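What follows is a single structure, written as structure tokens, with notes after it.
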Amino acid sequence: MESFEVILKPICLVILIVLCLHAMPSSCNFTSFVFGDSLVDAGNNDYIFTLSKADSPPYGIDFTPSGGQPTGRFTNGRTIADIVGQSLGAKSFPPPYLAPNTEAQAILRGINYASGASGIMDKTGFFFIGRIPLGEQVSNFEQNRIYMVNAMGENYTRKFLKKAIFSLTIGSNDVLNYIQPSIPLLRHDKVSPTTFLDFMISNLTLQLERLHEMGARKFIVVGVGPLGCIPFVRALKLLPSGQCSSAVNTLIQAYNQRLQELLSRLNQEMRPETIFVFANSYDVFMNIIANYHQYGFENANEPCCGGYFPPFVCFKSSDANTSALCEDRSKYVFWDAYHPTEAANLIIAKQLVDGDESVSFPINIRKLYNYTNS
């Protein structure tokens, strides 16, 4: 019986893809391949030895599919990637790559390769020990692609991948590593900001090109948000409540400008068959922080969980008097010292999906999903 199922599964997958691509395209599920860091990690770090984990309460407390149990997501509920997928018709979330038996899911709904503490550059996040850098995430997709080719052939694999969404939400940890003081015993001279940005862009370009060579045609590349305003950086820079680090945000804006220029060049070279969308998370999130009362928030400075000072540990205590969790999660912009709450993620995702060119350029994510690149 088991051997029969092994033979039958690839056949069923091929039939499903043929129906999706030709006979009944409207019946296909939204398929996305998610790359990135803890902003979109769906649980990969649960399967590696790392100091960067979100596998204990109260993480996931508002994540309905798990009944409020932790899933490895670094927030109280859904990530931006989760919400974007649901907005475009996804019935379920792409499973983490390292979860058991995910190969077939790559065809049915995509895979999430993201890893907390990871960066565009391989060395980023080494203080956390385990993490999966972007280059390794792309290599993991390559392994999934081999499975697809074995199941349905090169031609159908390329047709399938041409319609899928490839999103990259990464770069925050590279910036955070760069701005932090050097540890004396591991001291090394930092490169100039310009050289640092050159490294980030060149490494990201390499991975985008790898994905393109393997058949990716619809890209969302999310810019780095205003890290100068997150509780961790405010505490690191000893800033008063409500104040952001202009130096950190200036560096990020320079990176985002370079990223936009890169994606514009790639669009000029590869459209109409391939399209790269720049998601301007920086301006969206800055607008939330500046006008948080208008969005229904009461606190845009402190994290809901973990406190405002080091070590920023977000935990749930059996003693209600010592719990590090706020009373009303929907009223806070920040979940912990680094990540937004689900309430903030909902606002960001909605604007990225249906916003104008100031938010997603050259088209928004909904238009990207419906974009015909044949």
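The values are calculated or read from the model by the stated rules, or taken from the named source; none is laboratory data. Everything quoted here is computed from the prediction, not taken from an experiment. Neighbour counts run over all protein chains shown; Cβ positions are idealised from the backbone, glycine included. For the accessible areas, the whole protein counts, side chains as well, though only heavy atoms, and no ligand, DNA or RNA atoms are used. Shrake-Rupley method; radii C 1.70, N 1.55, O 1.52, S 1.80 Å.
Tabulated data
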| quantity | calculated |
| --- | --- |
| Solvent-accessible heavy-atom area per residue, rounded to whole Å², over segment 219-286 at 1.4 Å | 38 |
| On Cα atoms only, tilt of 281-290 relative to the major axis of the chain in degrees | 40 |
| Computed over the chain: relative contact order in percent, which uses C-alpha pairs under 8 Å that are six or more apart | 16 |
| Centroid-to-centroid separation of segment 136-154 and segment 84-120 [C-alpha atoms, Å] | 14 |
| Relative contact order computed over segment 167-234 (Cα-Cα under 8 Å; 6+ residues apart), in percent | 65 |
| Along each principal axis, Cα extent of the chain, largest first, Å | 60, 49, 46 |
| Length-normalised contact order for segment 90-142 - Cα pairs under 8 Å, 6+ apart - percent | 28 |
| In degrees, nearest ten, helix 193-213 long axis to first principal axis of the chain (Cα) | 20 |
| Calculated FRET efficiency for the pair Lys350/Lys190, C-beta based, R₀ 35 Å, to 0.05 | 0.40 |
| Using a Förster distance of 30 Å, the FRET efficiency for Ala99-Met270 (Cβ separation, nearest 0.05) | 0.40 |
| Exceeding the 27 Å Cα-Cα cut-off - candidates Lys237/Lys350; Lys91/Lys163; Lys53/Lys237; Lys123/Lys162; Lys162/Lys350 | Lys237/Lys350; Lys123/Lys162 |
| Gyration tensor (alpha-carbon) shape descriptor, segment 159-277, a/c threshold 1.5 | prolate |
| Folded to 0 to 90 degrees: helix 246-270 orientation relative to the chain principal axis, Cα | 20 |
| ³J(HN,Hα) computed for each position of segment 359-367 - Karplus, 6.51 cos²θ - 1.76 cosθ + 1.60, integer Hz, glycine/proline x | 9, 10, 10, x, 9, 7, 5, 5, 5 |
| Protein accessible area in the chain, 1.4 Å probe - carbon and sulfur % | 55 |
